[in-house]
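See structure below.
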2 protein chains.
Amino acid sequence: MAYKKKAVVVLSGGMDSVTTLALANNQEYDCYSLTFNYGQKSISEVDAAIYYSKKYKCIEHKIFNINFSEFSSSALTNNNIAINTNKSSQENIPNTYVPMRNIIFLSIACSWAESIDVNNIFIGANAIDYSGYPDCRENFLESYEKMINLGSKTGADGGKFNIFRPLINMKKIDIIKLGHTFNLDYSRTVSCYQATKDGKACGVCESCLFRKRAFIDNGLSDETIYI
Amino acid sequence: MAYKKKAVVVLSGGMDSVTTLALANNQEYDCYSLTFNYGQKSISEVDAAIYYSKKYKCIEHKIFNINFSEFSSSALTNNNIAINTNKSSQENIPNTYVPMRNIIFLSIACSWAESIDVNNIFIGANAIDYSGYPDCRENFLESYEKMINLGSKTGADGGKFNIFRPLINMKKIDIIKLGHTFNLDYSRTVSCYQATKDGKACGVCESCLFRKRAFIDNGLSDETIYI
């Protein structure tokens, strides 16, 4: 089965997913970006996804609504649970973990991809300088790729879904350096777990801390505006 | 980690999922049933799911809306594609296949389950007398179970999701016999891919044919009303 060089890119609007989109674009994939409005507190990241989808000339940008708070519990989606900011160790999974988030996102991405004859999926999952979420680890993604090929028409017909996770083993600083090789301007990306509607970051959540560390501690400028 | 004997049961309202619910109930699980309103033509199966959830005293019955036609294409969910009725061979995957349906259903089930401290999931997937969907096969479900334990807090914390698929290798006739051992009355179950709103079956789609063959050819009575 011959496929065109097309890709579905899971795009949150944060640094990692935007770098991944820029990379796929640089590798000359025709990109179809997919963003989830899943009840996240940081809704301004969806605006960032719209901005970068246009910037990188995505063939289509789909924004899909799926309200995780209807079936799961997380500080990231539930206004009654405060985002924990007083820890930085990676010993435990923090309360911003959203159960099965990447599994559901990837599966909707594959469902869409199969319908538009695409077998390449890009996700910006990263297991270095991250919050410890199990669905961002290499062994999970390797297992996911096997599973999706057993459970789909694509796999049953002799094709293969490729779940590309180019950033999985990269440090944040190296992700930024990679982005700079494509002249990626990170100023519109949103990392904060609880950014305001106009995109201002809290500066104290784990995700802000990872970003700050990568930019500021390494002498790079970041135009993120903090509240 | 100690778990109570609780289970989330994926419940479409068809024969297989209702048998699975009855089985879990018979095995003394406290059941939480989960039904998807996913844009299926046969919406009366949701009424069947409501009926059997009450009958089997589910602790909670969640009906989750996720419109697959927003991101995928299938004769089961798209009014512009007729359900193919002129084949009965299992050589190809029919046009009623819904890309990644069971993967997405199971993942939402696991997400809900983890939030309510449940690690047992029941699904009525069956790979005998079925339409050939890849996400109903044992090798897929075995792979799914591995994947979900790598990608979830449950697995990361040393627990384990059990994806129970008790009907996977059973013939339709044996599924009905199993149901009869629990005095399961199948009259309200909906098998038809395009049942009317009041639950009447078309009698010609592949799912109707499997049901008819199992009941009528084996001398069992079935109260299904055909249009």
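Starting from the Cα of B:Lys160, step 7 Å along the direction of its Cβ; do the same at A:Arg213; then give the gap between the two resulting points in nm.
Result for the modelled spin labels: 3.4 nm.
Direction-averaged shadow area of the convex hull around the Cα atoms of chain B, nm²?
Average projection, Cα convex hull of chain B: 11.9 nm².
What dipole magnitude, in Debye to the nearest 20, does the stretch A:73-227 give about its Cα centre under +1 on Lys/Arg Cβ and -1 on Asp/Glu Cβ?
The dipole magnitude comes to about 220 debye.
With r as the distance between the Cβ atoms of A:Ser115 and B:Asp117 and R0 = 45 Å, compute the FRET efficiency 1/(1 + (r/R0)^6) and round to 0.05.
Here the calculated transfer efficiency is 0.80.
Choose one of A:Tyr193, A:Ser152, A:Ala127: the residue whose Cα lies farthest towards the positive end of the charge dipole of the stretch A:96-195 (beta-carbon charges +1 Lys, Arg; -1 Asp, Glu; about the Cα centre).
Of the listed residues, the answer is A:Tyr193.
I'd like the mean, over residues of A:129-141, of how many other protein chain beta carbons sit within 10 Å of each residue's own Cβ.
3
What list do you get for B:Thr189, A:Thr77, A:Thr196 if you sort them by fewest beta carbons within 10 Å?
Sorted ascending by nearby Cβ count, the order is A:Thr196, A:Thr77, B:Thr189.
With chain B treated as a Gaussian network of Cα nodes joined by springs under 10 Å, which of B:Asn92, B:Asn25, B:Asn84 yields the largest mean-square fluctuation?
B:Asn92
Determine, for B:His180, A:His61, the number of other Cβ atoms within 10 Å of each Cβ, and report the residues in order from fewest to most.
Ordered from fewest to most neighbouring Cβ atoms within 10 Å, B:His180, A:His61 come out as B:His180, A:His61.
Quick one: grab Rg to one decimal and Dmax as a whole number for the protein assembly as shown, Cα atoms only, in Å.
For the protein assembly as shown, the Cα radius of gyration and maximum Cα-Cα distance read 22.9, 79 Å.
Using the number of other C-beta atoms within 10 angstrom as an exposure proxy, rank B:Phe64, A:Phe182, B:Phe105 with the fewest first.
Lowest count first: A:Phe182, B:Phe64, B:Phe105.
How far is helix A:172-181 tilted, in degrees, relative to the longest principal axis of the Cα atoms in chain A, given as a value from 0 to 90 rounded to the nearest 10?
Here the helix axis deviates by roughly 60 degrees.
Among rounded, prolate and oblate, which fits the stretch B:1-80 when a ≥ b ≥ c are the square roots of the eigenvalues of its C-alpha gyration tensor, a/c under 1.5 means rounded, and a/b larger than b/c means prolate?
Taking the square roots of the gyration eigenvalues as a ≥ b ≥ c, the stretch B:1-80 is prolate.
Can you work out the FRET efficiency for the pair B:Thr181 and B:Asn139, with r the C-beta to C-beta distance and R0 = 30 Å, to the nearest 0.05?
The pair B:Thr181/B:Asn139 has a calculated efficiency of 0.60.
Run the quick spin-label model on B:Asn67 and B:Lys55: label points 7 Å from Cα toward the beta carbon, then report their separation in nm to one decimal.
3.2 nm
Please give me the summed charge of the neighbours of A:Asp222: other residues whose Cβ is under 9 Å from its Cβ, Lys and Arg +1, Asp and Glu -1.
+1
How about the stretch A:162-195: which trypsin sites (Lys or Arg not before Pro) there lie in a loop by DSSP and see at most 16 other Cβ atoms within 10 Å?
A:Lys171
Give the average, rounded to an integer, of partner chain Cβ atoms located within 10 angstrom of each Cβ in A:59-72.
4
If you take the beta carbon distance between A:Ile227 and A:Asn79 as r and set R0 to 22 Å, what does 1/(1 + (r/R0)^6) give as a FRET efficiency, to the nearest 0.05?
My answer for the efficiency is 0.80.
Residue by residue through B:95-103, how many Cβ atoms from other chains fall within 10 Å of the Cβ on average?
The per-residue average across the peptide is 6.
Bear in mind these aren't lab numbers, they're just calculated from the coordinates by the rules spelled out. Keep in mind it's a predicted model, so treat the numbers as computed, not measured. Glycine gets a Cβ as well: all are built from the backbone with ideal geometry, and neighbour counts include every protein chain shown.
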